[in-house]
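Trainee: Could you have a look at this structure, given as structure tokens, before my questions?
The values are calculated or read from the model by the stated rules, or taken from the named source; none is laboratory data. All figures in this text were calculated on a predicted structure; none of them were measured in a lab. Neighbour counts are summed over all protein chains in view; Cβ atoms, including those assigned to glycine, are modelled from backbone coordinates with ideal geometry.
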Amino acid sequence: MGNAYKITNKEGVYFMTFTVIGWVDIFTRKNYRDIVVDSFKYCQQQKGLILYAYVIMSSHVHLIVSTHAEFDLVATIRDFKKFTSKAIIKSIQEIGESRREWLLNKFSFEAKRVKRGEKYKLWKDGYYAKEISSIQFLQQKLDYIHNNPVEAGIVLNGEEYVYSSAKNYAGLPDKLIDVEYAF
């Protein structure tokens, strides 16, 4: 039997989670969140990513995604994680990040620990992926994604959180990323 938390159906729609190693709160800084947003947009335009819903939390990202038929979701996600990791590390090195030394040491330690030949490691290996198998499961995951910032005590209403597709689904202006509506 296959792994229930991996992409097994190339044409499927998936709820996914990517987590920063050690649950480091890297996305408390706008510039790092913006790297993720820009990478989503690039993947939509160039790598066939279909983004139905998303939220960027302080140490992880939740998505509902698929790809157009001629693209490979596994490859798109791999490239997304690789690019965002390098871009965020570069940004840490270049800006006046108060946690610069600690972050670089943490990400360097992790790279050495897993012995992958990388100098820094930002994302945990792999990702959580669960295929959307019903309308009820889709609605549950949409609600989960859009309520994540509410549950974290960041906002009172999901639509108030800038780095989420909740605004899209509420029909509000000033959306960061265009999404395909799941319904």
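Trainee: Does TYR127 satisfy the condition of being at pLDDT below 95 and hydroxyl-bearing (Ser, Thr, Tyr)?
Mentor: Yes, satisfied.
Trainee: A follow-up question, please. Only residues in the range 95-109 that are touching a residue at least 60 places away in the same chain (Cβ under 8 Å) count as the first member; pair them with residues that are surrounded by fewer than 15 Cβ atoms within 10 Å (Cβ to Cβ), Cβ under 7 angstrom, at least 6 apart or cross-chain, and list the lot.
Mentor: Taking only residues 6 or more apart or on different chains, the pairs are ILE95/ASN31; LYS106/GLY22.
Trainee: Return the total of residues in the range 111-144 being of a type outside the set (S, T, N, Q) and assigned to a helix (DSSP H, G or I).
Mentor: Total satisfying the criteria: 11.
Trainee: Let me ask something else. Any chance the range 131-138 includes a residue that's closer than 19 Å to ILE35 by Cα and under 18 Å from the mean Cα position of the chain (by Cα)?
Mentor: Within the range 131-138 (the criterion being closer than 19 Å to ILE35 by Cα and under 18 Å from the mean Cα position of the chain (by Cα)), the answer is no, since none of the residues qualifies.
Trainee: At pLDDT 95 or above and more than 19 Å from VAL150 (Cβ to Cβ): does that describe LEU49?
Mentor: So LEU49 passes the test.
Trainee: Please go through the range 36-86 and give me each residue that is of a type outside the set (S, T, N, Q), assigned to a helix (DSSP H, G or I), buried (at least 19 other Cβ atoms within 10 Å of the Cβ) and without any contact (Cβ under 8 Å) to a residue 40 or more places away in the chain, ordered by number.
Mentor: Within the range 36-86, just CYS43 meets the criteria.
Trainee: Inspect the range 3-16 for any residue being within 18 Å of TYR181 (Cα to Cα), surrounded by fewer than 16 Cβ atoms within 10 Å (Cβ to Cβ), more than 15 Å from the chain's Cα centre (by Cα) and free of Cβ contacts under 8 Å to residues at least 12 places away in the same chain and give the result as yes or no.
Mentor: There is no residue in the range 3-16 that is within 18 Å of TYR181 (Cα to Cα), surrounded by fewer than 16 Cβ atoms within 10 Å (Cβ to Cβ), more than 15 Å from the chain's Cα centre (by Cα) and free of Cβ contacts under 8 Å to residues at least 12 places away in the same chain.
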